[in-house]
Amino acid sequence: MTTKNNFATSLERAFVELVAGRVKERGWKKGDFAAMGWPEDTPKAAAARWTAMRSKASNTGKPQGVLISDAQLMADVLGEDLSYLMAVAKEQARTRLEE
């Protein structure tokens, strides 16, 4: 994997971890957050989507990628600006790759 791919993957993981941390800080259950983020899905499907982003998907063994639209939905549920969340995640990803 190239350095650019490593950074992109690290950024995506940092974003998911950041969102998951904010969900936990608010005392929300994972399934409740997922249902708020993807209300057009059934609660079970929404929870499965959020779980696949946070952990390894059963079919690939890798976390599901995060679409920009999903990232925006997550930011909206958190009541935070997506660009701010991405900036924080970018710094975290950069720091991890430098370690």
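The values are calculated or read from the model by the stated rules, or taken from the named source; none is laboratory data. Just so we're clear, the structure is a prediction, and the values are computed from it rather than from any experiment. For neighbour counting, all protein chains shown are included, and Cβ atoms are generated from backbone atoms with ideal geometry for every residue, glycine included. We work out accessible area using only protein heavy atoms, side chains counted, and drop any ligands, DNA or RNA first. Shrake-Rupley method; radii C 1.70, N 1.55, O 1.52, S 1.80 Å.
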Checklist entry - Yes or no: D32 on the phi < 0 side of the Ramachandran plot, in contact (Cβ under 8 Å) with a residue 12 or more places away in the chain, of a type outside the set (A, V, I, L, M, F, W, C) and surrounded by 14 or more Cβ atoms within 10 Å (Cβ to Cβ)? => result no
Checklist outcome for this item: If we keep only residues of region 37-52 that are under 15 Å from A75 (Cα atoms) and open to solvent by less than 90 Å² (accessible area, probe 1.4 Å), then the residue farthest from the chain's Cα centre (by Cα) is W38
Checklist entry - S55 passes all but one of (1) of a type in the set (S, T, Y); (2) out of contact with any strand residue (DSSP E or B) (no Cβ under 8 Å at 6 or more places or on another chain); (3) open to solvent by 40 Å² or more (accessible area, probe 1.4 Å); which number fails? => result (2)
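For region 1-9, state whether one or more residues are among the aromatic types (F, W, Y) and either in a loop (DSSP other than H, G, I, E, B) or touching a residue at least 12 places away in the same chain (Cβ under 8 Å) (or both).
yes
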Checklist outcome for this item: Just one listed residue, out of A87, A34, A71, is over 13 Å from the mean Cα position of the chain (by Cα), among the hydrophobic types (A, V, I, L, M, F, W, C) and not in a loop (DSSP other than H, G, I, E, B), and it is A87
Checklist entry - Which residue pairs have Cβ atoms under 6 Å apart, sit 6 or more places apart or on different chains, and have a first residue in region 61-81 that is within 14 Å of L18 (Cα to Cα) and a second that is basic (K, R) and at pLDDT 95 or above? => result L78/R22
